[in-house]
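What follows is a short report on a single structure.
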Amino acid sequence: MSLIHQINTQNIPQHIAIIMDGNGRWAKQHGENRIYGHYEGVNSVREVVEAAGTIGVKYMTLYAFSTENWNRPKEEVEALMELLISTISAETPQLNKKNVRLQAIGNLNSLPTNCLNELNESIEQTANNTGLTLILALSYSSKWEIQNAMQQIATKVKAAVLQPEDITEKIIEQHLCTNKFPDPELMIRTSGERRISNFLLWQLAYAEFYFTDKLWPDFRKEDLFEAIINYQTRERRFGKTSEQITQH
Ligand code: IPE
Ligand code: IPE
Ligand code: MG
């Protein structure tokens, strides 16, 4: 029986962030080259996004390509960009059908032009959808994002549009690429690695972390449900005592 029935519908995280890791190892296990793993990973993306939308998750951020990933072998980077283009193009009608709105964060201008064009087209075509917002982190790294925010803020201070004492958490958040989205309550990383790899350092300040040994191409909808059920067992105290949380 599906784990979906064990989910408390009153406590669904509104934003889930995922570090989709392990495509290369999955391919190796299957005697194939790394690229094959990335292709199979797309099937997991499709299934997980659909499942998240079905249970009422509002935002899902997928770490698809990091700033550091540009340092991979040229053939792999090119294959990933090709895969991105073909996937976005092929999946956009389905995104519309499922009422999914596509968004992206990262240094998008560093993407190849045809990739950026395809991405922008899909973002435009899905802009009016009201279900899940799917945010792709592309050429993204948190330190890049924070550096970028600081430069924008410093420019405003220099122009006296902003005073140093006006720089609040809210102002900083407004200058991050995620300014239109709430912070994730749950961060999932597959493949057994227990690190954050330069992903949403600010935004994950109070997120619950869920690690699984499953490789990304093996992570499917029941695994997402399992992660959410696990999340629902956690007491989110935000610095308070357990008694304070359970008082009401
Ligand atoms: C994640 O899988 C996908 C990307 C980083 C683009 P990996 O390609 O990192 O797979 P492993 O970690 O080598 O197994
Ligand atoms: C993180 O995975 C980036 C993405 C999933 C896109 P990596 O496989 O690149 O991370 P590290 O380098 O092992 O930490
Ligand atoms: Mg990896």
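Structural remarks
- Any hit, region 162-181, residues being surrounded by 13 or more Cβ atoms within 10 Å (Cβ to Cβ) and within 15 Å of ligand 2 (Cβ to nearest atom): no
- Any chance residue 222 is over 17 Å from the mean Cα position of the chain (by Cα) and touching a residue at least 60 places away in the same chain (Cβ under 8 Å): yes
- Residue within region 103-113 that is under 19 Å from the mean Cα position of the chain (by Cα), more than 16 Å from ligand 2 (Cβ to nearest atom) and closer than 29 Å to residue 228 by Cα present: yes
- Screening region 1-51 for residues that are small (Gly, Ala, Ser) and within 16 Å of ligand 1 (Cβ to nearest atom) and picking the one that is nearest to residue 132 (Cα to Cα) gives 17.
- Residue check for residue 16: surrounded by fewer than 19 Cβ atoms within 10 Å (Cβ to Cβ), among the hydrophobic types (A, V, I, L, M, F, W, C) and in contact with an Asp or Glu (Cβ under 9 Å, 6 or more places away or on another chain): no
- Residues within region 1-33 that are among the basic types (Lys, Arg) and more than 24 Å from the chain's Cα centre (by Cα), tallied: 1
- The single residue among 225, 199 that is over 28 Å from residue 3 (Cα atoms) and surrounded by 15 or more Cβ atoms within 10 Å (Cβ to Cβ) turns out to be 199.
- Hey, residue 171 free of Cβ contacts under 8 Å to residues at least 24 places away in the same chain and more than 27 Å from residue 82 (Cα to Cα) or not: yes
- Region 186-209, subset touching a helix residue (DSSP H, G or I) at 6+ places or on another chain (Cβ under 7 Å) and within 21 Å of residue 132 (Cα to Cα), residue nearest to ligand 2 (Cβ to nearest atom): 199
- Where helices (runs of 4 or more DSSP H) sit wholly within region 26-130, those with at least 3 residues that are open to solvent by less than 20 Å² (accessible area, probe 1.4 Å) and free of Cβ contacts under 8 Å to residues at least 40 places away in the same chain occupy 74-97, 113-125.
The values are calculated or read from the model by the stated rules, or taken from the named source; none is laboratory data. Remember, predicted model here, so these are calculated numbers, not experimental data. Here Cβ is always computed from backbone atoms with ideal geometry, including for glycine, and neighbour counts include all displayed protein chains. When the accessible area is computed, the model is the full protein with side chains, heavy atoms only, and any ligands, DNA or RNA have been set aside. Shrake-Rupley method; radii C 1.70, N 1.55, O 1.52, S 1.80 Å.
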